[in-house]
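Here's the structure we're looking at; comments come further down.
The values are calculated or read from the model by the stated rules, or taken from the named source; none is laboratory data. Note that the coordinates shown come from a computational prediction; the quantities given were computed from them, not determined experimentally. As a convention, Cβ positions derive from the backbone with ideal geometry for all residues, glycine included, and neighbour counts pool all protein chains shown. Remember, those area values only see protein heavy atoms, side chains included, never the ligands or the DNA or RNA. Shrake-Rupley method; radii C 1.70, N 1.55, O 1.52, S 1.80 Å.
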Amino acid sequence: MSPKPTVAIIGAGVCGLGIGWRLAQAGCPVSVFERGQAGRGASWAAAGMLAANAETEPGEESLLPLTLASQKMWPGFAVELKDASGIDVEYRETGTLVAATNRDEAEQLRFTYEFQRDLGLAVEWLSGAEARKREPYLRPGVPGAIWAPDDHQVENRRLSEALKAAFLHAGGTLHENSPVAGIETEDGRAVGVRVGDDLHKADIVVLAAGSWSRDIPGLPQAALPPVRPVKGQMLSLCMDPKAPLATSVLWAPKIYLVPRADGRLIVGATVEEKGHDPELTAGGVLALLDAAWRAIPAIEELPIEEMWVGFRPTSRDDAPILGETGTDGLLVATGHHRNGILLAPITADAIARQILTGSPLPEAAPFTLARFAAKAAARPEIAAE
Ligand code: FAD
Ligand code: GLY
C-alpha cells in the first residue's frame, strides 16, 4: 500500500479545518497554516444559517444539489464533531421564516415562494396571522411569509473551535500566526508552502484562504481562483434567553435575525463591494438596526453586545470552487460566498475524497476551477477581464 500523502493546507477557516480533520482521520500527515488565529476569518463573522431552501434565488439552481446534500449532512456532522471535540456546536432545528412587511413585498415574496416551490424545495406559504402565530413579536400587519422548515442554524464560532479541536485530536498540526508567504512549485507541480524562511514540503497543497485566496504568492496564473471579498457588517443584541423576541431564523427585507440559545440576537448583514475595508460604518449599522426594528419593533430596548465586519469569499458566479486546479499537487476550496457554513461538511468530504481517491464527489464535480476556463473559452471577452 502506498503511504498516505502529506498535506499542507493554507487557511484555518471552516474549510481548511474541516478538510484537515477529515484527512487526519484518514491517517494523512496534515499541517494547517493560518496567518492569525484559527477560525477568525469569515467563519467567525458569519451568522450560521443553514439555508439551502430559503436563500435560493433565480440563477442558483445549479448549486442546489450541493447545498441540499450538505444540509442533509448537518445533523450527523454536528453529532460527530461533538464526539470528536467535546464541543457542542449548537446545531438547532429552529426553521426559517421569511416575512414581508407590506403588500408590495408580499407580492415579491410570493413570486420567490412559487419559484422555490416549483424547484421542489421545502417551503410553505403562511398568511400574516400564521406568521405572527409563529413569531408573535413580528410587526403587526405582516401580510405573508415563507416558512422553510428544514433551514436551521449552527453557532459558527463554536463550529470553528470544534473543528480546530477535532483536527488536533485526530493528529493534525496547526501552525497559527504563520502566514504562508508563497506556494512552492517544481516543474509545474506544487511541492509545499513557504512560511518565513522555512519551506514546508508536502505532496498536496490545499488553498483554503477564504477571500484572500488570490493573494498567495507563487500561485500559477491558471490556478488563480476568481475570488474577491464581499464585506458584511453585522451586530448582535442581547435578549432575555427566557423570553426571546424570535425563536426561528427570521428574514425580512434587507435583514436577517438569528436568535442564539444564549439570548444573543445576530442581526445581519450588509453586502458591500469595498475590498478588505475593515471599517464599521454609521450607514451600515443604521441600515441594519432600521431594518431589524421594522421587522421586530421590540428590539428597540435591547442592548447592543458586539459589532463586527467579515469578508465573504465570493467567486465570479457566487458558487464555491472545489477540487483540482490544473496544477499538479494543488487543490482549492474557496469561493463559498454566503454559504460556507452550510457547505462546511460537504467541502471537507469532497476535498478529502479527491485527495484520497483521486476522484471527485459527484455533487462537487461541477464546481472545479475549470468551469471558469470553459466559460472564458466560450466568451473570449471574459478571459480579458
Ligand atoms: P475564512 O473563514 O475566511 O478562512 C480563511 C482563513 O485563511 C482565514 O482565517 C485567514 O486568516 C487565512 N489566511 C488568509 N491568508 C493566509 C495566508 N497567506 N497564510 C495563512 N492563512 C491565511 N455562510 C453560511 O453558510 N451561513 C451564514 O449565515 C453566513 N453568514 C455570513 C455572514 C457574514 C457577515 C459573512 C462575512 C459571511 C457569512 N457566511 C455565511 C459565509 C461564510 O462565513 C464563508 O463562506 C465561510 O466562512 C468561508 O470559510 P473559509 O474557511 O473559506 O474562509
Ligand atoms: N448568508 C448570509 C450572509 O452571507 O450574510
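When the residues of segment 240-254 are filtered to those that are away from ligand 1 (no atom under 12 Å from the Cβ) and under 21 Å from Thr112 (Cα atoms), the one that is most open to solvent (accessible area, probe 1.4 Å) is Lys254. Quick one: is Pro241 under 26 Å from Ser85 (Cβ atoms) and at pLDDT below 95? Yes: the conditions hold for Pro241. The number of residues in segment 356-373 that are in contact with a Lys or Arg (Cβ under 9 Å, 6 or more places away or on another chain) and of a type in the set (A, V, I, L, M, F, W, C) comes to 4. When each of Ala100, Ala26, Ala52, Ala12 is tested for being of a type in the set (A, V, I, L, M, F, W, C), over 24 Å from Thr314 (Cα atoms) and open to solvent by less than 10 Å² (accessible area, probe 1.4 Å), the lone residue that passes is Ala100. Applying the criterion of being in contact with a Leu (Cβ under 7 Å, 6 or more places away or on another chain) and of a type outside the set (A, V, I, L, M, F, W, C) to the residues of segment 109-159, the residue that is nearest to Gly210 (Cα to Cα) is Gln153.
For segment 29-38, state whether one or more residues are open to solvent by 50 Å² or more (accessible area, probe 1.4 Å), away from ligand 1 (no atom under 12 Å from the Cβ) and not in a strand (DSSP E or B). The answer is yes, given that some residue of segment 29-38 is open to solvent by 50 Å² or more (accessible area, probe 1.4 Å), away from ligand 1 (no atom under 12 Å from the Cβ) and not in a strand (DSSP E or B).
For segment 60-78, residues that are within 16 Å of ligand 2 (Cβ to nearest atom) and small (Gly, Ala, Ser) total 1. Of all residues in segment 203-239, those being away from ligand 1 (no atom under 14 Å from the Cβ) and over 24 Å from Asn339 (Cβ atoms) number 8. Highlighted here are the strands (runs of 3 or more DSSP E) found entirely within segment 106-222 that include at least 3 residues which are β-branched (Val, Ile, Thr) and over 21 Å from Leu250 (Cα atoms): 189-195, 204-207.
The residues of segment 123-138 that are touching a Phe, Trp or Tyr at 6+ places or on another chain (Cβ under 9 Å) and surrounded by fewer than 23 Cβ atoms within 10 Å (Cβ to Cβ), listed by number, are Glu124, Trp125, Leu126, Glu130, Arg134. Among the residues of segment 293-318, the ones that are touching a Phe, Trp or Tyr at 6+ places or on another chain (Cβ under 9 Å), crowded, with 17+ Cβ neighbours inside 10 Å and more than 30 Å from Arg371 (Cβ to Cβ) come to 3 in all. Here Ala42 fits the description: open to solvent by 20 Å² or more (accessible area, probe 1.4 Å), under 24 Å from Ser236 (Cβ atoms) and within 16 Å of ligand 2 (Cβ to nearest atom).
Filter segment 255-273 down to the residues that are assigned to a loop (DSSP other than H, G, I, E, B) and either within 10 Å of ligand 1 (Cβ to nearest atom) or over 19 Å from the mean Cα position of the chain (by Cα) (or both), then identify the one that is surrounded by the most Cβ atoms within 10 Å (Cβ to Cβ). Don't jump to the end; show me each part of the working.
Here is the first cut: in segment 255-273, the ones assigned to a loop (DSSP other than H, G, I, E, B) are 260-263, 269-271, 273.
If we keep only those that are either within 10 Å of ligand 1 (Cβ to nearest atom) or over 19 Å from the mean Cα position of the chain (by Cα) (or both) as well, we get 261-263, 269-271.
Working: Ala261: 13, Asp262: 10, Gly263: 18, Ala269: 25, Thr270: 19, Val271: 13.
Once the filter is applied, the top-ranked residue is Ala269.
Within segment 49-62, one or more residues are assigned to a strand (DSSP E or B), within 30 Å of Gly323 (Cα to Cα) and under 15 Å from the mean Cα position of the chain (by Cα). Only a single item in (1) among the hydrophobic types (A, V, I, L, M, F, W, C); (2) closer than 23 Å to Ala162 by Cα; (3) in a loop (DSSP other than H, G, I, E, B) is not met by Trp44, and it is number (3).
Which members of segment 158-174 meet the condition of being open to solvent by 50 Å² or more (accessible area, probe 1.4 Å), of a type outside the set (Gly, Ala, Ser) and in contact (Cβ under 8 Å) with a residue 40 or more places away in the chain? Explain how you work it out, then say what you get.
From segment 158-174, those open to solvent by 50 Å² or more (accessible area, probe 1.4 Å) are 158, 161, 164, 168-169, 171, 173; that's our starting set.
Restricting the remaining residues to those that are of a type outside the set (Gly, Ala, Ser) gives 158, 161, 164, 168-169, 173.
Passing the criteria: Arg158, Glu161, Lys164, His169, Thr173.
Which of the residues that make up segment 321-376 are polar (S, T, N, Q) and part of a helix (DSSP H, G or I)?
Narrowing segment 321-376 to residues polar (S, T, N, Q): 325, 327, 334, 339, 347, 354, 357, 359, 368.
Those that are polar (S, T, N, Q) and part of a helix (DSSP H, G or I): Asn339, Thr347, Gln354, Thr357.
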